[in-house]
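Quick notes on the structure that follows.
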Amino acid sequence: MEWHDNGYVISTKKFGESSVVLDAFTRDRGRFQGLVRGGTGRKKRSLLQPGNYLKLSWRARLEEQLGQYQLEPIKLNTGYIISSKLAPLGLSTLCELLKRLPDRQAYPQLYDGFEIVLNHLVADENWLPLLIKWQVGFLQQMGYGLDLSQCAVTGVTTNLKYISPKTGRAVCEDVGLPYKGKLFNIPPFIIGDFDEQISATDLFEGFKITEYFLKKHIYDVQNFPFPEAQKLLTDRVFQLTKTND
């Protein structure tokens, strides 16, 4: 059994004295693990950093086995990302969430969105709203999509201002205003086109929404702690609300 594809490094874990198990993300095969012999060595270690884009060759005697990877570099993104203050937290947030995907299942829309966010991370430009929208898409792909198409009470499709934490459905301003203390505010960029005027407060509200629903449907269900990287990222954005808005 053998396949060849390109994919991104999600994570590695040590296996034996000098090998690692590589968890990679490909468009056609989703999350896919394999053994990399000598993966702890200096040369391969530099390739096996999260976010790097590699040519992957996987081989095993049987399809269900762990198998082994052979690697070739295509684009090493890590060096660009670690030069930024916030981008490493964004990359870690992305990769931690990818690790919660079922393995060996293709998610082409998530893969395409991941590439878009990662490219903006590498360039260190306007990636925070893209990350939040990608997380909303992740919930949708996992079957826990937020319904932001219309008001849950009236059915109107305009002036949607809130999200119910119980149902994940949108509520229009007229209906939700008396209960706004119990609802999430919808940042306009989540349900509309991006705008150059996205504020730190909008980003903070977006992270509050994705953190709540990711905890509820993904991390708590799988009994994993919520990623520290996103907690730190949300805290940094919150600090920006005090100075920029």
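Could you give the dipole magnitude of the stretch 170-245 about its Cα centre, charging the beta-carbon of Lys and Arg +1 and that of Asp and Glu -1, in debye to the nearest 20?
It works out to roughly 420 debye.
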Check your understanding: Farthest toward the dipole's positive end in the stretch 2-76, which of TRP3, GLY34, LEU76, given Cβ charges of +1 (Lys, Arg) and -1 (Asp, Glu) about the Cα centre?
Key -> LEU76
Point to revise | Shape metrics for the chain, restricted to C-alpha atoms - Rg then Dmax, Å | key: 19.7, 63
Revision key, fill the gap. Taking the reciprocal of mean 1/r across every pair of different Cα atoms in the stretch 74-190, the Kirkwood radius in Å is 16.0 Å
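Less than 11 Å Cβ to Cβ from PRO73, Lys/Arg counted +1 and Asp/Glu -1: what total charge do the surrounding residues give?
Neighbour charge sum, excluding PRO73 itself: +3.
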Study note, to complete from the structure: Ordering 75-82, 29-36 by per-residue average of other C-beta atoms within 10 angstrom, highest first, gives 29-36, 75-82
Review point. Expressed as a whole number of Å, what is the distance separating the alpha-carbon centroids of the stretch 110-156 and the stretch 20-96?
Key: 23 Å
Review point. With charges only on Cβ, +1 for K and R and -1 for D and E, what is the dipole size of the chain about its Cα centre, in debye, rounded to 20?
Key: 940 debye
Exercise for review: Would you list, by chain and number, the lysines whose Cα falls below 16 Å from the Cα of LYS208, excluding same-chain residues fewer than 8 positions away?
Suggested key: LYS133, LYS161, LYS166, LYS180, LYS182, LYS216, LYS231
Exercise for review: Go through the stretch 161-230 and name the trypsin sites (Lys or Arg not before Pro) that are in a DSSP coil and have 13 or fewer other Cβ atoms within 10 Å of their Cβ.
Suggested key: LYS166
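If exposed means no more than 15 neighbouring beta carbons inside 10 Å and the site is in a DSSP loop, what's the longest run of the chain without any exposed GluC sites (Glu not before Pro)?
126-195
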Point to revise | Radius ratio Rg over Rh of the stretch 2-76, counting only Cα atoms, Kirkwood formula for Rh | key: 0.92
Practice item. Kindly point out which whole DSSP H helices in the chain project their C-alpha atoms 27 angstrom or further along the helix axis while averaging a Kyte-Doolittle hydropathy of 1.6 or above. Key: none
Study note, to complete from the structure: Computed about the Cα centre, the charge dipole of the stretch 2-76 from +1 Lys/Arg and -1 Asp/Glu charges at the Cβ has a magnitude in debye, to the nearest 20, of 360 debye
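Values in this text are rule-based calculations from the coordinates and carry no lab data. All values derive from a computational prediction rather than experimental measurement. Every residue, glycine among them, receives a Cβ derived from its backbone with ideal geometry; neighbour counts consider all protein chains shown.
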